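Before any comments, here is the structure.
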Amino acid sequence: MQTKTLPIQDPNAQAAALALLAAQQIIAAPTDTVYGLMCRYDSAAAIELLYEAKQRPPQKAIPVLIGDPTQLALVTPAPLSPLAQSLMARFWPGPLTLVLPALATLPAILTAGQPTVAVRMPDHTALCQLIELAGPLAATSANISGGPDSATVAQVLAQLDGHIPLVLADDESERTALPSTIVDLTDLTPRLLRPGPIAEAVCALLQTFGHSC
């Protein structure tokens, strides 16, 4: 397989990405943190390809990216807790991933058989536009499992060239080059699972709800 690279702002690139996603293929694209490997969230076949390309252990679930908060209803049941709503209002779009209850209709391969799903809305306009058209995307960092995260197209290709059909490129946009902060909201007491770039601000908000990090 030859991996193509196209600028994400190019309408032709967006059309190519949408066609591949509709055909249950995987792509790589930039976010506001690191580059990600992405596919349809509701396609077990596509998610299996993602696991294979990344060489990811099957017991590790795949997070989901949304392009708009209205897409949350496709992955997690309503109503959301006041804490979840406050975190989303404060940090979305941005580098915050929330672990929420998963809809029972989600593919088991996406959630690794768990009753939870990790969700984020990235602060990247072109990517969110793509997700609004494609639907939520299963997404994980664009690297071989255990390898370094990719902040540039060159770093993506160094690990995945020939394993994916398309990389959407946007090396000019600012990004943290750090994976997102992760908070688990599925228990009565929220848990900070990964500090990421905004842990201090997230912990400050949690404290206003009577929780510590």
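Highest GNM mean-square fluctuation, the chain, Cα pairs closer than 10 Å: which of P122, P82, P190?
In the Gaussian network model the winner is P82.
Could you give the angle, 0 to 90 degrees to the nearest 10, between helix 11-22's Cα long axis and the longest principal axis of the Cα atoms of the chain?
80
R0 = 22 Å: FRET efficiency of A89 with Q114, Cβ-based, nearest 0.05?
0.25
Can you put S212, S86, S150 in order, fewest other beta carbons within 10 Å first?
S212, S86, S150
By the gyration tensor of its Cα atoms, with a ≥ b ≥ c the square roots of the eigenvalues, what is the shape of region 1-103: rounded for a/c under 1.5, prolate for a/b over b/c, or oblate?
Prolate.
Please report how far the C-alpha centroid of region 19-95 lies from that of region 187-213, rounded to the nearest whole angstrom.
Their Cα centres are 21 Å away from one another.
So, R0 is 22 Å and r is the distance between the beta-carbons of A73 and S212; what FRET efficiency does that work out to, to 0.05?
Step by step, r from the Cβ atoms, then E = 0.10.
List I144, I62 from most exposed to least, where exposure is judged by having the fewest other Cβ atoms within 10 Å.
With the fewest neighbours first, I144, I62 line up as I144, I62.
At 7 Å along the Cα-to-beta-carbon direction for both A22 and D10, put a label point, then send me their distance in nm to one decimal.
Output for this residue pair reads 2.0 nm.
Over its Cα atoms, what ratio of radius of gyration to 2.2 N^0.38 Å does region 4-208 give?
The reported ratio for this selection is 0.95.
Of the trypsin sites (Lys or Arg not before Pro) in region 43-122, which ones lie in a loop per DSSP and count no more than 14 other C-beta atoms within 10 Å?
Counting only loop positions with at most 14 other Cβ atoms within 10 Å, the trypsin sites (Lys or Arg not before Pro) in region 43-122 are K60.
What whole-number volume per residue, in cubic angstrom, does the convex hull of the C-alpha atoms of region 109-168 give?
Considering the Cα atoms of region 109-168, their hull volume per residue is 123 Å³.
Please build a GNM for the chain, connecting alpha carbons under 10 Å apart, and tell me which residue among L80, L130, L157 fluctuates the most.
L80
Given a cut-off of under 8 Å on Cα pairs at least six residues apart, what relative contact order in percent is computed for region 4-208?
31
Select from V117, V202, V183 the residue whose mean-square fluctuation is largest in a Gaussian network model of the chain (Cα-Cα springs shorter than 10 Å).
In this elastic network of the chain, the residue with the biggest mean-square fluctuation among V117, V202, V183 is V202.
How big is the antiparallel share of DSSP beta bridges in the chain, given as a percent to the nearest 5?
60
Excluding A134 itself, calculate the net charge of residues whose Cβ lies under 14 Å from the Cβ of A134, where each Lys or Arg counts +1 and each Asp or Glu counts -1.
-2
Using unit Cβ charges (K, R positive; D, E negative) and no other charged atoms, how large, in debye to the nearest 20, is the dipole of the chain about its Cα centre?
460
Given DSSP loops and a limit of at most 10 other Cβ atoms within 10 Å, what is the longest stretch of the chain that contains no such GluC sites (Glu not before Pro)?
Counting only loop sites that pass the neighbour cut-off, the longest clear stretch is 1-171.
Read the figures in this text as sums done on the coordinates, not as results from a lab. Please read all numbers here as calculations on a predicted model, not as lab measurements. For neighbour counting, all protein chains shown are included, and Cβ atoms are generated from backbone atoms with ideal geometry for every residue, glycine included.
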